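What follows is a short report on a single structure.
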């Protein structure tokens, strides 16, 4: 995590707890039922019933934390700045702006600033990743056909 991050750096102990919690939660999710979370707070302990999809999302978050990854939860219709979208795609901001201007990614302007929806960035990433996989599969098939030892 960067020093400028709003999220605290996970300690090794946090990572260990996240891993154990993720494994325990995975076992509980096998039942296919909604979960009830027991929460202890200032007013004592209370049971909170969670919708079924929340359990899988919580497990995924814990797995990512156990791997030491930063985690952020965003609404799919949330908007990103061009820098945030570029960071997510691991490209430069000027390259992202070029994608926007070419129409590869939809955006809207707020004053002079461009905003990109999270779901559009995710869709673009999925398309690029799929094209990359197809190209690699073709290269591997060509290498096999030419008996290049791969």
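A short reminder: the numbers here are calculations on the coordinates, not readings from a lab. Please read these numbers as outputs of a predicted model, since none were measured by experiment. For neighbour counting, all protein chains shown are included, and Cβ atoms are generated from backbone atoms with ideal geometry for every residue, glycine included.
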Which residue fluctuates most in the GNM of the chain (Cα springs below 10 Å): 58, 37, 96?
37
If each residue's Cβ is checked for other Cβ atoms within 10 Å, how do 22, 11 rank with the fewest at the top?
11, 22
For the chain, what does the relative contact order come out to in percent, with C-alpha contacts under 8 Å and a separation of six or more?
16 percent
So how many Å³ per residue does the convex hull of the Cα atoms of the stretch 79-145 work out to?
83 Å³
Can you tell me the 0 to 90 degree angle between the C-alpha axis of helix 93-102 and the longest principal axis of the chain, rounded to 10?
70 degrees
Return a whole-number percent for the relative contact order of the stretch 79-145, with Cα pairs under 8 Å and 6 or more residues apart as the contact set.
30 percent
Shape call, the chain: gyration tensor on alpha carbons, a/c limit 1.5
oblate
Indicate the gyration tensor shape class of the stretch 12-66 (rounded, prolate or oblate), computed on the Cα atoms with a ≥ b ≥ c the square roots of the eigenvalues: a/c under 1.5 is rounded; otherwise a/b larger than b/c is prolate and the rest oblate.
oblate
Could you sort the peptides 103-114, 38-49 by per-residue average Cβ neighbour count (10 Å cutoff), highest mean leading?
103-114, 38-49
